[in-house]
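Report on the structure given below.
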Amino acid sequence: MPPPASDDITKLARNVKWTLFTSKGTPALEDVKQGSLANCPLASLLAALAFTATGQRHLLSLITEHKATVETDLSGVADQLAEKIDRIITGRYFTVRLKSQSFDVSSVLYTDEARDPNPIYMTSPNQALWPCLIERAFAEKVGSYNELDDPSKLTANAVWEVVVGSSPDGFAVTGQTPDSKIQEAAGNARRVPTIAASKEEAADVTAWHGFAVLGMRGTRIELYDPSSARRETLSLAAFRKNFLAVLHGKS
């Protein structure tokens, strides 16, 4: 089990019994909600992938569920838990493929103290386990959840390369960026996974944050904020004012 983030959040380790995907069997945009980690590049990318058909197929290829009795060793993190426990036995595990590596992870996650536990890091309003598992595998890859809590170490480009397996295309949003370029990228977002990063001084959206771009709704750009798991729209002028960059898959 990768160590948790260095925070003062009360946490338990629990077997989260959610299904891998919802009853429809495929990833969905609304499955993704960023938790307490400052890893919006990962959350926004997972949402953008889940929104498009090509992204959904890619996500399905990343995770395989196995039925087997497995033991999750918690002895190394027991002192950081509100309820000390050395191991949890579960009846399944998952292979998650990130770039050129595979990680076997269980459904044991860091959760709150609720009777029906909810993950404190990546979570899902629809109780779909897949976003949590990808985040857990990523934490395994980099050594801990704490490493995922530092956006200076994991840029949006780096996260994209690990999850997608290739570098993204994209552009900076400046005063010289043509309106048509922004509108084209937003329009293509219904079929090409696309994310956008807000400015540190953004006032109309969450500042210094990653959003999934969902397309054009009339003359407005539709976005998904993974921290609130809500859609919102902005005029082109407001988007230019509040955002500094757009990343997208290969068209």
| query | Hey, can you rank 162-175, 184-197 by average C-beta count inside 10 Å, highest first? | reply | 184-197, 162-175
| request: Would you order S124, S61 from fewest to most other beta-carbon atoms within 10 Å of each residue's own beta-carbon? | output: S61, S124
| remark: Residues other than F243 with Cβ under 14 Å of its Cβ, Lys/Arg counted +1 and Asp/Glu -1, net out at -2
| query | Where in the range 41-84 does the label zone of T155 land, with the point 7 angstrom along Cα→C-beta and an amide N cut-off under 19 Å? | reply | 41-46
| Rounded FRET efficiency, nearest 0.05, which uses the C-beta distance separating A68 from I9 and R0 of 51 Å | 0.95
| message | If every alpha-carbon in the range 12-155 counts as one equal scatterer, what log10 I(q)/I(0) does Debye give at q = 0.22 1/Å? | response | -1.66
| request: Tabulate in residue order the Karplus-calculated ³J(HN,Hα) for the range 134-139, using 6.51 cos²θ - 1.76 cosθ + 1.60 with θ = phi - 60°, rounded to whole Hz; enter x for Gly and Pro. | output: 5, 5, 5, 4, 5, 4
| field | Burial ranking of peptide ranges 141-153, 236-248 (average Cβ count within 10 Å, highest at the top) | value | 236-248, 141-153
| query | What order do you get for E71, E30 when you list them from fewest to most C-beta neighbours inside 10 Å? | reply | E71, E30
| field | With Cα atoms, 0 to 90° folded angle of helix 179-188 axis to the chain main axis | value | 40
| field | Taking the chain and dividing mean pair separation by its residue count, relative contact order in percent (alpha carbons under 8 Å, at least six apart) | value | 24
| query | Residue-wise, which Karplus ³J(HN,Hα) couplings in Hz belong to the range 222-238, taking 6.51 cos²θ - 1.76 cosθ + 1.60, θ = phi - 60°, and x for glycine or proline? | reply | 9, 10, 10, 8, x, 6, 10, 6, 9, 8, 8, 10, 9, 5, 4, 5, 5
| field | Choice from K199, K99, K67 showing the highest fluctuation, given a GNM over the chain with Cα pairs closer than 10 Å | value | K67
| said: Tell me the angle of helix 40-51 to the major Cα principal axis of the chain, expressed in degrees between 0 and 90 and rounded to the nearest ten. | reply: 80
| Coordinate range along principal axes, alpha carbons of the range 85-168, Å, largest first | 40, 27, 24
| note | Taking the chain, the whole-percent share of alpha-carbon pairs separated by over 26 angstrom is 37
| field | Placed amide H near L98: partners under 5 Å, 5+ positions off or other chain | value | F103
| note | Taking F21, F211 and counting other beta carbon atoms within 10 angstrom, the fewest-first order is F21, F211
| remark: Spelling it out for T19: with amide H atoms placed in the peptide plane at 1.01 Å from N, the residues 5 or more places away or on another chain with amide H under 5 Å from its amide H are L129
| What order do you get for 125-132, 40-47 when each peptide is scored by the mean count of other beta carbon atoms within 10 Å, highest first? | 40-47, 125-132
| query | So how much slack lies between Q183 and A114, counting 0.36 nm per residue of separation and subtracting their Cα-Cα distance, in nm? | reply | 20.5 nm
| remark: The simple spin-label model distance between S144 and E201, using points 7 Å out along Cα→Cβ, in nm, is 3.6
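Each reported figure results from applying straightforward, stated rules to the coordinates on display, with no laboratory input. Just so it is clear, the model here is predicted, and its values are computed rather than measured. Counting neighbours? That spans all protein chains shown, and the Cβs are built from the backbone with ideal geometry, glycine included.
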